[in-house]
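These notes concern the structure reproduced below.
The values are calculated or read from the model by the stated rules, or taken from the named source; none is laboratory data. Predicted model only: the values in this text are computed from it and were never measured. Every residue, glycine as well, gets a Cβ built from its backbone with ideal geometry; the counts of neighbours run over all protein chains shown. What goes into the accessible areas is simple: the full protein's heavy atoms, side chains included, and nothing from ligands, DNA or RNA. Shrake-Rupley method; radii C 1.70, N 1.55, O 1.52, S 1.80 Å.
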Amino acid sequence: MDQEYMRLALDLAVRARGRTSPNPMVGAVVIRGGKIVGRGFHARAGLPHAEIEALREAGENARGATLYVSLEPCCHHGRTGPCTEAVIAAGVRRVVIAMRDPNPKVAGKGVARLREAGIEVVEDVLRDEAARVNEVFIKYITTGRPFVALKAAVSLDGRIATRTGDSRWITGPAAREYAHRLRDTYDAILVGLGTVLQDNPSLTTRLIDGGRDPVRIVLDSMARLPVTARVLSGESPAPIVVATTDRASDARVAELERRGGWVIRCGGGPFVDLEVLLRELAAREITSVLVEGGATVHASFLEAGLVDKLHWFVAPKIIGGVDAPGAVGGRGIDRVSEALCLERVRWLDLGHDVCIEGYPVSPRTGESSVHTSRGGSN
């Protein structure tokens, strides 16, 4: 029964996918006498946490009940008060958690506070499932860097465009809709200047049922982004970030800032220092980035070992041509044994297309960059 109720808490948590940043997604259920008397989830940063919502719905029925929560209750003051004190005040007898909060401000302190108050605490129920739900938060809070996902749409022969640069549309409507749902989920989307010059995209989320536009990031080492680019047109309220270097002229930087761009200088060049950029983004509470760049940008992130997850769309088409660009540029490898592999792979059927999702495994260490362990280490 503990697993059944925890699964319900996790189902509640993901209702807020893409809306809680920089906080985790959390769901909670209150059970008394074998019946659900309260449910809740954390809907958005600054709003009440899942435990508070569930306890409010339960009311007096929370006394002597069991609380199931997908993440350890907080015990510190942030935008809201500590959940541990609300749980204690409600008279809850038993608390079941899926995993401890990796945030150093909590990291077991919430469990200790509840036990100190005489409440029975059961840990690690569906822990792996809970860690997958909050993979973005875990990466962000334990490393000080955003979770980085790379998205590509390729033909069967691995091309992202024809030899003339035409890429509309490699995948079909179902795949494109799923890609926009990814944009709705991640905090930011990143492309290179070449993509902007070639396609002039808006980098917005276009879904029938609405959606949230991510922060738009353009890698532009010399600040050459045209002021007429759609990302600077004001059609979206989402911020536009221009990641450049010290080689960019002050005049160009000032012009982009006047047009509404938020310019970040990342190293002395010749290319944007991606490590510096990711730290700067995390400092501004951007917890996740979806990379939709071209072959050069993809290679830069992959070769630097900065990609945590891949969303790889494949269409049943053959483009051909030695001059048609592939999905990953760079120097490449010498031997197949050096290839980057994926673990925890899943396949999604999207009309005639498929999306392969997985986590890169280092060919040197055999480890994924995303893993969790008790207590919050990453």
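Annotations for the structure displayed:
- Full-stretch length increase - Arg93, Glu280 - with 0.36 nm per residue and alpha-carbon distance subtracted: 63.0 nm
- Between helix 173-185 and the chain there is an angle of about 60 degrees, using the helix long axis and the longest principal axis of the Cα atoms.
- Convex hull volume per residue for the stretch 202-279, taking Cα atoms only, in Å³: 84 Å³
- The H on the amide N of Val263, modeled in the peptide plane, is under 5 Å from the matching H of Val242, each at least 5 residues off or on a different chain.
- Environment charge at Gly211 (Cβ cut-off 10 Å; Lys +1, Arg +1, Asp -1, Glu -1): +1
- Other-chain or far-sequence residues with amide H under 5 Å of Val26's (modelled H): His42
- Spherically averaged projected area of the convex hull of Cα atoms, the stretch 144-302: 9.5 nm².
- For His311, nonlocal amide neighbours, meaning residues 5 or more places apart or on other chains whose placed amide H falls under 5 Å from its own, are Leu150, Lys151, Ala152.
- Computed 3J(HN,Hα) for the stretch 152-161, one whole-Hz value per residue from the Karplus formula 6.51 cos²θ - 1.76 cosθ + 1.60 where θ = phi - 60°, is 9, 10, 10, 7, 4, 8, x, 8, 9, 6, glycine and proline marked x.
- Protection proxy ranking of 184-190, 329-335 - average other beta-carbon atoms within 10 Å, highest first: 184-190, 329-335
- For the stretch 240-254, the Karplus equation 6.51 cos²θ - 1.76 cosθ + 1.60, evaluated at θ = phi - 60°, returns couplings of 10, 10, 10, 8, 10, 10, 5, 6, 5, 6, 4, 5, 5, 4, 4 Hz by residue, with Gly and Pro reported as x.
- Our summary gives the stretch 69-145 a relative contact order of 33 percent, counting only alpha carbon pairs under 8 angstrom and 6 or more residues apart.
- Its DSSP H runs of at least 4 residues, each contributing -39,500 (n - 2.57), put the calculated 222 nm mean residue ellipticity of the chain at -7500 deg cm²/dmol, to the nearest 500.
- Put simply, when 2-8, 305-311 are sorted by average Cβ atoms within 10 angstrom per residue, most first, you get 305-311, 2-8.
- Between helix 2-13 and the chain there is an angle of about 50 degrees, using the helix long axis and the longest principal axis of the Cα atoms.
- Surface share of carbon and sulfur [accessible, 1.4 angstrom probe, percent] for the chain: 50 percent
- Gyration tensor (alpha-carbon) shape descriptor, the stretch 160-228, a/c threshold 1.5: oblate
- Cα-based Lys proximity count in the chain, under 23 Å, for pairs eight or more positions apart or on separate chains: 6
- In this rough spin-label picture, where each label sits 7 Å from Cα along the Cβ direction, the Glu4-Val227 distance is 6.5 nm.
- With N as its number of residues, the stretch 8-51 has a Cα radius of gyration that, divided by 2.2 N^0.38 Å, comes to 1.17.
- Shape category assigned to the stretch 228-353 from the gyration tensor of Cα positions, a/c cut at 1.5: prolate
- Cα gyration tensor shape for the chain, rounded if a/c is under 1.5, else prolate or oblate: prolate
- Accessible area per residue, Å², the stretch 127-222 with all protein chains present, probe 1.4 Å: 39 Å²
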